[in-house]
Amino acid sequence: MSESSAGAGDIVAAAATTAAGWRRAGVAGAAIGVLAAGAAAGVAVERLTVGRGMRKKARLALDATGPYGSLRGTPGRALADDGTELYYEVDEVEPPQAADRYGSAESAPGPATASGTRRRRLFGRKAPAPVTVVFSHGYCLGQDSWHFQRAALRGLVRAVYWDQRSHGRSGRGRAQADGVPVGIDQLGRDLKAVIDAAAPEGRIVLVGHSMGGMTMMALADQYPALIRDRVAAVAFVGTSSGKLGEVNFGLPVAGVNAVRRVLPGVLRALGSQAELVEKGRRATADLFAGLIKRYSFSSKDVDPAVARFAERLIESTPIDVVAEFYPAFTEHDKSGALPAFRDVPVLILAGEKDLVTPSSHSEAIADVLPDAELILVPDAGHLVMLEHPETVTDRLADLLVRGGAVAAANVGEHGSTAQQPGRR
């Protein structure tokens, strides 16, 4: 038997074993098993033509050469109200000429004094704080999911990228360690802590993908004065204001309803056996890669390095974190908070073929914010900012101009990531 056919048999067998395990949970478990087996069968087709060793080498090569997620800024840490340490990075604006920054050479700071310090004030007034763009990422991702937008905007705007609690470089949620479930309201308070630490002054632009957009809605719900007084513009990317419990993920309704009933309990059980489950995830990497690709992208010609980058982001989220966040989405309902954004420029953008937060959810947000710009990207899935980065960056750049975060003259040169590091 060839390695490729043996590999196909392995993955189908693994799926069958998985299905058998799920069947012990009843009819709903069987439904999950069928879905897993179907996904595995699709992966098996690829494995018939590509050997296991070759696939492993390809993954290692992509990991070694792919520059995605390599951009770093000045690190900082904020403390959430429960003591969780939240990690963020700041990309500062590239220093312009003194005459440009202060309006004229006469108003620029004076020369260094004998003590080596430079005068920062003129007639008791300091230069206004720049507009800060705060990027919030989605579920099972991290701040690096904004790689292309970060590459395009780097040096043009002051930007803050942060990792949600229990994601990326942020600390494990302390409240969750004590058994307190994660709620979207908690994430809104986390965002407030990051803003207080990283952008305590000046206007801000809020940009959020998926769970990050929900986080922004929770911020508005709890801190409406902050939105009124400081927010200059808002971008909602592939997100929802509620009714996520009705999403069918592109699957038959009966099967999805069965899965939905038991999934929280199954995830809790898996989370309690995190070490064993993580070994299983590694052993069935091809199966998970197929599932991740299906629910992240729509295009058939996604750059393999980008697809692998998405896998690495999602794989890095521990199963117990996956489990403790999941229930928050079915409970999420922040449609009542959306009117807080009516007086600022708003961009609502989604992939037309998003199976996780369908574009109809973006249209529902636009119904509440009729003056917002609604962009539905054809042939795009949930990770639209990675799948079609130029489109997302172009629309975001336009929003930043409207929000006063960047000059229009600069956007023309940096609105596309085609020539940025990490884009082929």
With θ set to phi - 60° and the Karplus curve 6.51 cos²θ - 1.76 cosθ + 1.60, what are the ³J(HN,Hα) couplings of the stretch 192-202 in order, to the nearest whole Hz, using x for Gly and Pro?
4, 5, 5, 4, 4, 7, 9, 9, x, 10, x
Nothing charged except the Cβ atoms of Lys and Arg (+1) and of Asp and Glu (-1): what's the magnitude of the dipole of the stretch 280-386 about its Cα centre? Round to the nearest 20 debye.
460
What is the stretch 132-227 by shape, rounded, prolate or oblate, if you read a ≥ b ≥ c off the alpha carbon gyration tensor as root eigenvalues and call it rounded for a/c under 1.5, prolate for a/b larger than b/c, and oblate otherwise?
oblate
Any idea of L141's accessible area? Nearest 10 Å², probe 1.4 Å.
10
Highest-first arrangement of 238-245, 70-77, 170-177, where packing means the average Cβ count within 10 Å
238-245, 170-177, 70-77
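The values are calculated or read from the model by the stated rules, or taken from the named source; none is laboratory data. Remember, predicted model here, so these are calculated numbers, not experimental data. Cβ coordinates were reconstructed from backbone atoms using ideal geometry, including for glycine residues, and neighbour counts include every protein chain displayed. Just the protein is used for accessible areas: all its heavy atoms, side chains included, with ligands, DNA and RNA removed. Shrake-Rupley method; radii C 1.70, N 1.55, O 1.52, S 1.80 Å.
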